[in-house]
Amino acid sequence: MSAMLLWLRQSGFSEERRLIEIGQLIDTLRTIPKIRAKVAHELNDSYPVPTTNALVVFFSARSRLPPAKVFKLWPPNWIVWFSPKDGSLLRLEEHLPEYYGLSGRRDGPFAEWAPPEEWKTAGVVDSKVADLIASMNTLYFEWFEGKRPGVEGAKMFRVRFLELEQPLIGCYRHVAPDFFKWVGL
């Protein structure tokens, strides 16, 4: 299950149908030849991040050739905006790498990332992802309710988010600058 769908499901959205629609949209982005031809080989969704009135997820590519010692990262090509109230699709946008301040081609990697050796132990990555999603569950509600971020939740989010998404932090900051400033990233 994608991080976005897991977060939406854990966040208490009552309409299971919305989750199914979002899942179908993601599958569509991955399989329609016209879209597929414009993006790199493997399409993955990012973690959802909040903006003033939407949850945003962008799509990029990461090589996953086992055993991967180094992952190649492609620039995000698509951004999807969802309603934080019901998970409905608000809009879909296509962008070039320049939109995120990246140089290079849209169909070639812009960075490489190697996971630390200790992450190869069973369950380490799953634990880090679970910590991140738990902090998202609290922080995103605080964000949309106009509250200040909880100290511990914000700290956990910053640590885990940087561990898991460091090479793409500039892209995240571009699509949700106010949130990342609010949370201290």
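Just so you know, all these numbers are worked out from the coordinates, no wet-lab data involved. Predicted model, so just to flag it, every value in this text is computed and none were measured. Reconstructed Cβ throughout: ideal geometry from the backbone, glycine too, with neighbour counts over all protein chains shown.
Values for this structure:
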| item | result |
| --- | --- |
| For K72, K147, order by how many other beta-carbon atoms lie within 10 Å, fewest first | K147, K72 |
| Exposure proxy order (Cβ contacts within 10 Å, fewest to most) of F179, F71, F141 | F141, F71, F179 |
| Cβ charges +1 (Lys, Arg) and -1 (Asp, Glu), total dipole of region 83-161, debye | 220 |
| Calculated from backbone phi, Karplus (6.51, -1.76, 1.60) coupling profile of region 80-92 in Hz, x at Gly/Pro | 10, 10, 10, 6, x, 7, 9, x, 6, 6, 9, 6, 10 |
| Charge dipole (region 84-161, unit charges on Cβ, about Cα centre) - positive-most of A130, P115, P97 | A130 |
| S103, S46, S83 arranged by Cβ crowding within 10 Å, fewest neighbours leading | S103, S83, S46 |
| For region 137-185: rounded, prolate or oblate by the Cα gyration tensor [a/c cutoff 1.5] | oblate |
